[in-house]
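Accompanying notes for the structure given below.
The values are calculated or read from the model by the stated rules, or taken from the named source; none is laboratory data. Here the structure is a predicted model, which is why all the values come from computation and not from measurement. Neighbour counts are summed over all protein chains in view; Cβ atoms, including those assigned to glycine, are modelled from backbone coordinates with ideal geometry. Note: accessible area is taken over every heavy atom of the protein model, side chains too, but ligands, DNA and RNA are not part of it. Shrake-Rupley method; radii C 1.70, N 1.55, O 1.52, S 1.80 Å.
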Amino acid sequence: MGSELYQKGQTVHNKRIDGPFRRFKWLVMLVTLAIYYVTPWIRWDRGPYAPDQAVLIDLAHRRFYMFDIEIWPHEFYFVAGMLIMAGIGLFLVTSAVGRAWCGYACPQTVWTDLFQHIDRLIDGDRNARLRLDKAPWTASKIARRLSKWSIYLVISMATGGAWILYFADAPTLLVDFFTLEAAPVAYATVAILTGTTFWLGGFMREQVCIYMCPWPRIQTAMLDERSLIVTYKDWRGEPRGSVKKAAKNPDQYGDCIDCLQCVAVCPTGIDIREGQQVGCITCALCIDACDKVMADIGRPRGLIDYATLEQCEAEAAGAPAQPAWKALLRVRTFIYFGIWGAIGAAMLFALGTRTHTDLTVSPDRNPPYMLLKDGSVRNAYTLRLRNMESRPRDMEVALTGLPAGAVMWTDAVALENAAPEQIIAVPANETKVVRAYVMLPPGTRADAFTFRLTSLDEQGEQDVATTTFAMPGNE
């Protein structure tokens with residue numbers, strides 16, 4: 001006897017519902033979409049030598065700008081810190097309120113929710129969409145489908161278009177894009193993101209959450225009996241029976257009247273009454289639907305509610321219900337929050353104390369030194385002077401730790417002007433590469449010394465780099 005390996009997917013048409021959780025979901029959707037689409041257009045004055053886009057990932061110049069923060073390639077640890085904070089933040093949210101990220105702020109959830117509202121706008125509410133799915137392909141049905149998919153496509157193109165605006169000046173790139181003067185990678189990126197948004201948000205929807213996304217599996221390992229999750233209180237709702245049956249035999253039925261409203265509003269199509277499932281994204285729309293039904297039939301709210309398994313067991317044993325916020329006051333939540341806050345504080349401290357001047361030195365290896373006719377020894381070095389200010393600055397490079405008489409010059413400074421210090425102009429937001437030559441007078445020796453870089457402005461920032469001095473007998 002054979003069996004099917006795969007079950008055919010059923011399109012989920014969730015019903016419109018109003019309530020506090022649905023209104024909060026509206027708010028989160030509007031805020032997240034506004035942040036995504038509007039952020040590239042926010043201007044931020046950094047002076048004449050830096051871009052004025054508030055958030056910009058400038059790959060060409062290897063910079064990341066976020067308002068007053070500018071991150072250089074050698075400061076990638078700040079990006080790593082933000083990613084670690086994001087990961088710990090997800091752990092914190094999950095341990096406190098379950099899959100709230102999935103239910104409200106995940107991009108897949110936000111765009112799926114947006115597309116489901118487009119469905120209601122074009123095809124009507126749940127029952128109308130179900131009827132339309134079963135109806136034959138008439139001219140009216142084709143027109144509705146094409147209208148809906150066209151709106152999907154416009155939203156998807158706007159999504160891909162907004163993404164590339166984070167990597168270049170938004171107004172300039174938008175003009176170049178529509179005049180076909182943008183780089184090919186811009187068109188390729190928009191095409192890929194348009195296709196993925198159109199398909200994942202318009203058609204795959206809950207299948208992404210249930211089958212494709214690894215996060216639900218990770219979260220199940222992070223939840224315990226004290227995690228706040230959306231729960232059906234079966235001891236109160238079972239056995240199920242209609243209002244009429246309960247009126248005739250009030251002691252034989254629970255509060256659940258088996259109206260299936262909790263299933264009808266669920267964006268992933270699950271039945272929360274069957275217990276915790278990987279398809280539950282903790283959006284709490286089933287709470288809104290159930291509370292509305294309980295109010296209509298004159299029964300107390302909370303048959304489906306945010307609660308911990310520990311609280312549910314206590315309530316089933318006769319203990320009074322506890323406020324949901326008390327479940328947040330637990331050691332695990334405080335530990336996650338403490339780690340998250342400590343990393344954030346460390347990053348803020350590092351940002352506040354970092355200098356905007358940097359020096360790296362690389363000595364020539366071949367030849368390691370040159371012995372001149374008068375007995376002097378010369379070494380060559382490649383200096384990289386980094387000016388992380390959005391204005392040009394003069395910087396002094398000085399030699400320390402060498403015998404008296406040691407001098408330095410560069411490709412731009414003649415040997416006749418050699419001195420222990422040289423002043424070099426470094427452009428704004430750039431790293432200037434300088435070829436420097438250091439010479440010891442006859443009869444002197446050195447093994448290691450230091451280049452000291454000082455900005456000649458009111459900040460007077462310094463950086464040092466220690467290197468070796470190669471000469472006969474030091475090999």
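Measuring with a 1.4 angstrom probe and ignoring ligands and nucleic acids, Trp199 comes out at about 140 Å² accessible. The length gained on full extension between Ala158 and Thr11, counted as 0.36 nm times the residue separation minus their Cα-Cα distance, comes to 50.4 nm. For segment 181-287, pairs of C-alpha atoms spaced more than 25 angstrom apart make up 44 percent of the total. Cys residues of the chain that find no other Cys beta carbon under 4.7 Å: Cys102, Cys106, Cys209, Cys213, Cys256, Cys259, Cys266, Cys280, Cys283, Cys290, Cys312. With only the Cα atoms considered, segment 229-277 has a convex hull volume of 67 Å³ per residue. With n ≥ 4 as the cut-off for DSSP H runs, can you work out [θ] at 222 nm for the chain, using -39500 (n - 2.57) per run divided by the number of residues, rounded to the nearest 500? For the chain, the value works out to -12500 deg cm²/dmol. Of the trypsin sites (Lys or Arg not before Pro) found in segment 321-404, the ones in coil according to DSSP and having at most 10 other Cβ atoms within 10 Å of their Cβ are Arg365, Lys373. Site pair Asp296 and Glu458 shows an inter-label distance of 6.9 nm when each label is modelled 7 Å from Cα along Cα→Cβ.
Send over a whole-number figure in Å² for the accessible area per residue of segment 233-330, probe 1.4 Å. Numbers along the way, then the final one.
Values: 4910 Å² over 98 residues.
It amounts to 50 Å² per residue over segment 233-330.
Residues whose amide H comes within less than 5 Å of that of Met395, counting only those at least five positions distant or on another chain, are Ile424, Ala425, Val426, Leu456 (H built at 1.01 Å from N in the peptide plane). Please work out the Cα center distance from segment 372-443 to segment 254-313, rounded to the nearest Å. One Cα centre to the other: 73 Å. Fully extending the segment from Ala346 to Ala139, taken as 0.36 nm per residue of separation minus the present Cα-Cα distance, adds 68.3 nm. For segment 340-404, the normalised intensity computed at q = 0.17, 0.19, 0.27, 0.30 Å⁻¹ comes to -0.85, -0.93, -1.19, -1.26 (log10 of I(q)/I(0), Debye sum over alpha carbons, equal scatterers, no solvent). Across q = 0.08 Å⁻¹, the chain modelled as identical point scatterers on its alpha-carbon atoms has Debye log10 I(q)/I(0) values of -0.71, in the order of the q list.
If R0 equals 45 Å, the separation of the Cβ atoms of Arg131 and Arg240 corresponds to a calculated FRET efficiency of about 0.95.
A simple rule links phi to the HN-Hα coupling: the Karplus curve 6.51 cos²θ - 1.76 cosθ + 1.60 with θ = phi - 60°, which for segment 402-419 gives 10, x, 4, x, 5, 9, 9, 8, 10, 5, 8, 10, 5, 4, 4, 9, 5, 7 Hz, with x for Gly and Pro.
Estimated from the Cβ-Cβ distance and a Förster radius of 22 angstrom, the FRET efficiency linking Gln322 and Met222 is about 0.50.
Using DSSP H assignments, which helices in the chain have an axial alpha-carbon span of 15 Å or above and a mean Kyte-Doolittle hydropathy of 0.5 or higher?
Values: long enough: 20-38 (26 Å, 1.01); 76-97 (31 Å, 2.12); 107-123 (23 Å, -0.32); 139-164 (38 Å, 0.55); 184-199 (23 Å, 1.12); 285-296 (17 Å, 0.72); 331-353 (32 Å, 1.44).
Span-like helices, by this rule, are 20-38, 76-97, 139-164, 184-199, 285-296, 331-353.
Please list Phe167, Phe334 from largest to smallest accessible area, probe radius 1.4 Å, with all protein chains kept in place. Mind showing how you got there, number by number?
Working: Phe167 70, Phe334 120 Å².
Reading off the accessible areas and sorting them downward yields Phe334, Phe167.
Length gain on complete extension for the stretch Asp374 to Thr172, per 0.36 nm per residue less the alpha carbon to alpha carbon distance?
Details: separation 202, 0.36 × 202 = 72.72 nm, distance 5.95 nm.
Here the answer is 66.8 nm.
The tail of the calculated P(r) for segment 15-155, taken as Cα-Cα distances beyond 23 Å, holds 58 percent of the pairs.
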